[in-house]
Amino acid sequence: MTKENLQPISELMTSALAPIHTHLNQMDKRLDAIETRLDSMAEDITAIKGDSAVTHTACNTLIKWNEHTSAVVQVPYLYCRAE
C-alpha cells in the first residue's frame, strides 16, 4: 500500500469517527456542567450546615434561659377588681 492508497482510507475513517468525537465533546461539556452544579450544591450545603448550627445554638440558649427564668404577669386593673 502506498501513501496515495491510504489517503482515502484515512479520510473515510476520519469522517466515520467525527460523530463519535462530537458526541464525546458534548459529553465532556455536560460533565463539566454537572461538576459546576455539584460544586455549587456543596457550597450551599456548607452554608446550610453553618446556619443550622447557629440556629441549634440559639434554640439551646433559649431553652436554658427558659429553665432559669419565670415571669408573673399581672394586669393591675383586673387584679384589683378580682379581689
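Quick one: accessible area per residue over the chain, 1.4 Å probe, rounded to a whole number of Å²?
Per residue, the chain has an accessible area of 97 Å².
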All Cα pairs of the chain, percent lying beyond 15 Å: 80 percent
Point-charge dipole on Cβ atoms (K/R +1, D/E -1) for the chain, about Cα centre, debye to 20: 240 debye
Which percent of the accessible heavy-atom area of region 13-73 goes to carbon and sulfur, probe 1.4 angstrom? 65 percent
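The values are calculated or read from the model by the stated rules, or taken from the named source; none is laboratory data. Everything numeric here is computed off the predicted structure, so don't read it as measured data. Note that we place each Cβ from the backbone using ideal geometry, even for glycine, and neighbour counts take in every protein chain shown. Ligands, DNA and RNA are excluded from the accessible area calculation, which covers all protein heavy atoms including side chains. Shrake-Rupley method; radii C 1.70, N 1.55, O 1.52, S 1.80 Å.
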